[in-house]
Every structure is written in C-alpha cells, then in structure tokens.
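Take a look at the structure set out below.
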Amino acid sequence: MNTSSVAATDLPENAQASQAARKALQELQKTAIIGLGHSPDLQQIERHLAAIPGGAQILQQSAADSRDKGQQFMENLLLAQGACQFSRLPVADRYDELPDVPAEITAPLTAQQLQQFDDIGRGCEADDYLEVITRLLAGHQRAIPDTKLMPLVQRYQSQPAPLRQVLTLLSQRGEWLLRLDHQLISDTNALPNPQLPHPVNFVDWLQQANETDWQTLWQHWPNLNRQWQERYILTLNRANHELVLRFVTGCWSVVAVDGRERLIPLVARLCELARPPAPSATGILSSLKKRVLGESEVIPHLLSEANTLIVAELWNWILETRRDRSAKIRQLMLPLMYQLAQELPENLQDDNSRALVSALEQQLQCYLPRQGAHDTEPLAPEELTPELEALGIQNSRQYAKSIAAGRLVQLVELAGVDLIARYLQCTAAMVVTTLAKSAFGEELSPALLASCLRNRDPAALQSWCKHYTQDNYQQSNIVGTYVSHYGTAEMASRLVILCDSGLTNMACSRQMASTLSNLGLELSADHSAVFIQQLLKERHLYGLPLWGNVLNLNSNGQKLIDQYQQNAINKGNTVPPQLSAFTTLFALRASLHS
C-alpha cells in the first residue's frame, strides 16, 4: 500500500477539527479492541476515518485492497494513528512495515459466558465486581474479554489501583492496542513488562528458564507494581515446590519490605512440606499414654528425597531472615521459623533447630510453671530478659493490658500449643482449656487462636471456640491478618470450625473471602456447604458474590440454595441479586474449568 500521501498529511490547524480527529481515533481504537467479529457498523468506521487527516486517502487506497478485512482495518487504524501523530510504533515514517497483531494465548469467552459475566455484575456491589471478575479470570488463566476492556479502562481511568488490577488481565491484543495511544494509559508501569512472560505462560517459562532468564526476572521484579506481583504470585499455585523456593529466595533480596511481605504466604506453603501427618484421635491418646508412662516415643516422619533437599534449603534460608533489614519482616517470619524448627524430620534437625526449640522450652518452664499433672498458671515476664529478647520477643502489649502480659502473649504464640502440649504432657486441646481458664485467659486468646489455626489437630481450635465465644472485631481482624500472611489450604479448612461454632463474623466476612481468593485458596464442597448455610443469613448476603471464587458446590450446598430461593418465592419476595450472582459465578467457573 502506498502511504506517502498519508504520511505527509498535515494536522488540522483548527482546534475543533483536531479534537474531532482525536475523538474519531479513539472510537476506531475501541472498535479494534472490541473486534470486527462483533458486527461493527462499517459506515460508522468510514465516518470516523473521514474525520481524521488523511482519512479520505486511507479509504480510497483500501477500497481496492482484497486482503482480509480484519488485517486491513488494523492497518487503516495504524495509518490513522500515524496521521494524528499519536503513533508509538518502532518504525519511522514507514507505515508499510506494520507489526503483526500478536496471537492470543488465552481462550476467548463464549457468548454464554459473556452473558454470565454481565449477570454477575448486576448482583455485585460496585467495589466487589472488579475483584470477583479479576480473580475468576486469573484463576482460570483467562483475559478480560475484548468487549469489556475499554469500558473498564474508562471507568477506572482516574483510579490507579483498580485500573492496575484490570491491566493485569489484558489479552495480548488488548495490550498491543492500548500501547498505541499513551494517553489512554498514562502509567506505563501498569502495562505488562515486555521483558517478562505473560502470566499465563509464567510457570512454563520458569520451568525452562536458564540462569540468564532468572537474572532477568530478579532484575525486573522490583519494578513491577503490587498488582502485577500479586498476579504472577497467584500463578505459582500450580508450580512445583523447587521452583517456588528458587523464586522466593531470588526475589526476596531485591524487593522492598512490602514486596517481601507478599512472598510470605509462599514461604508458609513451603513449610507445610515438613509437617508430619495430622494425628488421629486414637493416635493422640496413644501418644499421650506413652508420655505419661515415661516411654520413649518414635514417630516416623519421612520425606521424599526431593522434598528433603527442598526443606533443608528452606530451613537454612529461613535462618538467614533473622538478619533481615526490616524489623517487621523479622517479626512476620518468626512464627514460621519456630514452627519449622519444631516440625523438621529428625534427619534434618541441626544445632540451630535444637537450640531454638530448647530456648523456647526453657522459657516455658519459667513462665508456664507446672501445677499438677497437666496444669499451669502463666506468669507475665516482668522484664524483657536477654533470653526473651533472643527469641524475638519485644516490649509490646500485643493485644494485652500490659507490656508484661504482652511478652507472655508473644511467648505462647511463638511456642504454639503443640510444644506447650509436649511440655505439659497433654493434648493441644487441653492446653487451650488450661490457658483459657487462667488469669491471663482473655489476653492469651489471640495467641491461642493463631496457634490453633496452624495446628494439625482440629480439636485444638474446637476447644478455643468453646472458651472464646465473643465474635468481635478484634478477633476477626486477627484471623484475617493471620490467614493473609500464613494461609494454606489446611488453614483455610480450619475456618469451617469457626463457621460451625457460630463465630461467623470471623469466618464469613467479606475480608476473609477476599483474602482466600487473593491467595488462590478454595474450600472443599463439604466445608463449603457449612459456609453457604451461614452466608445465606441476611447479614452476610451482600458479600456473597466474593465467596463465589472460594467455595465449591455439591448436592448439599445446592439444596440449601434451592430451599432459600423457594422460601423467598413462597413469601412473595424476589431472589436477592447477590444470590443470583453467586450461583451464576459457580456456573461460569464450571464452564471455564471444563
């Protein structure tokens, strides 16, 4: 195509004509993003081209062109782009060297799925809709549909954080087209980094990465905004442990505090590799009997050869985080370090792990002195001794009424109910009961709750629920914060105990749904049925769509939903839009998964 006349066309001198040309160009860009497959008005396209300098020549030259109309339109758009001097193509005055439209790597949504997309929007709170759809698409390795991109970009143009969230789900063509006009997206850091793979390909890219590729990743990772880092981290749910460990340890040293904090849930999942199997009720009683009789107990806990190497490397690396330059990060890593020190298989225990556990036990003897066979009355440390400070304990109230009590709270949380149970020669559930009934019972509640959430024995959390029945904001905040940092699939399953115990504000909050979704965690269908029963109560309905990416549906859950809908109809009420969005989201998830 001869384009010399187009390239030489002058811009309109009249400001009004210039504005009209600018608007016409934007409309053409929208048409390109939506796609020619959606039956655009060809006459309208011609009118838009006519409003652009050189547009008449573009139309005249393309009339005799017999090539594919879609590619022809893309070329026309780029010619118009150059004529308006908005082009950012890597060519100079040579519009005959047009780059190819990138091939898509994500499957497009069907017409039915697009309709479900809209139906979900009608039942969501405005602030929830973006989170629901972005987590849905990210979890299924899909991109924002072409027809939805421009409306979302325009809607959040003045809101940087939501706009960045949208842009993490760009299709290849969507990114290509948005880069044509830098005024559409002024924050170029919000667009994909061209040096890194698309998130859909990220895990495959890491599996084949050579040393140069890893260096490229670590070089560019600090420059990614929060939304892009979270998007890439979410894809690592399907990566193997060895890959995740190398990713974490490499990125850890190059990012700021908030970037390292975002990596901690990955560390928590790696620590799960070292955990022994959860004991059965029979196993707990048998173990307890042996301890009471003073018999030596050997519980075999063997890892595969591959996992042994990973856990050994993980343990050595976690020890190094004690010297992290951020006090906040050091504190956040302490629970994982002490948990791993206690749970390392015997063949991986070393001087460091034994010293850490021994130091905890010594302080338990000081501040949890035994009274009777399996009892204790805690003592609050009156001063921050060198031994306590060496454990990482600080002068902080830590949800306590005094700094002294705050030190005790920290000691109990770092030791955990498992180690205290071994020290008192009882079960974890009995530890909770003993400490809950002590003089510091109320103040120890947060530490016990955090420890029970990560404990392998569900009886410990059930015991906590019996003694702490107040469903208040402070407790809800503790659960939400703890899960956001250390959340694993097993910890998520523990939440059903809170839900079933009536502590629904802790377990069923919108914050919890968002936290689990952001971590890519789901609940089993059986556990989901318990949540659905609670969520269908009026006070939880408004946040129901957020749970659609976390819960799974079986016949029991479906029966609860059907009964609720039928009761609403019998009373002459309409089915709440949040419930309609919730059920539609299940259907859309199922179709995307198939």
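Only the coordinates and a few stated rules stand behind these numbers; no lab work does. The model shown is predicted, which means the values in this text are computed figures rather than measured ones. Using ideal geometry, Cβ is built from the backbone for each residue, glycine included, and neighbour counts are taken over all protein chains shown.
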* To do: Would you please give the FRET efficiency between Asn347 and Glu27, computed as 1/(1 + (r/R0)^6) with r the Cβ-Cβ distance and R0 = 56 Å, to the nearest 0.05?
  => 0.25
* Estimated inter-spin distance, Arg238 and Lys328, nm [label 7 Å along Cα→Cβ] -> 3.3 nm
* Computed label-point distance, nm, for sites Thr147 and Leu59 using a 7 Å Cα→Cβ extension -> 2.8 nm
* To do: Would you kindly state how much longer the chain becomes between Asp258 and Ala390 on full extension, computed as 0.36 nm times their sequence separation minus their alpha carbon distance, in nm to one decimal?
  => 45.0 nm
* Extension gain, Asn556 back to Ala568 (0.36 nm per residue minus Cα-Cα distance, nm) -> 2.5 nm
* Structure fact -> Surpassing 20 Å at the alpha-carbon level, of the pairs Lys537/Lys559; Lys328/Lys401; Lys466/Lys537; Lys437/Lys466, are Lys328/Lys401; Lys466/Lys537
* Structure fact -> The extension gain from Asp118 to Glu538, computed as 0.36 nm times the residue separation minus the Cα-Cα distance, is 148.8 nm
* Structure fact -> Computed from the beta carbon distance with a Förster radius of 41 Å, FRET efficiency for His140 and Tyr473 to the nearest 0.05 stands at 0.75
* To do: With a cut-off of 17 Å, note down the residues of region 142-167 whose backbone N falls inside the zone around a label point 7 Å from the Cα of Ser591 toward its beta carbon.
  => 142-148
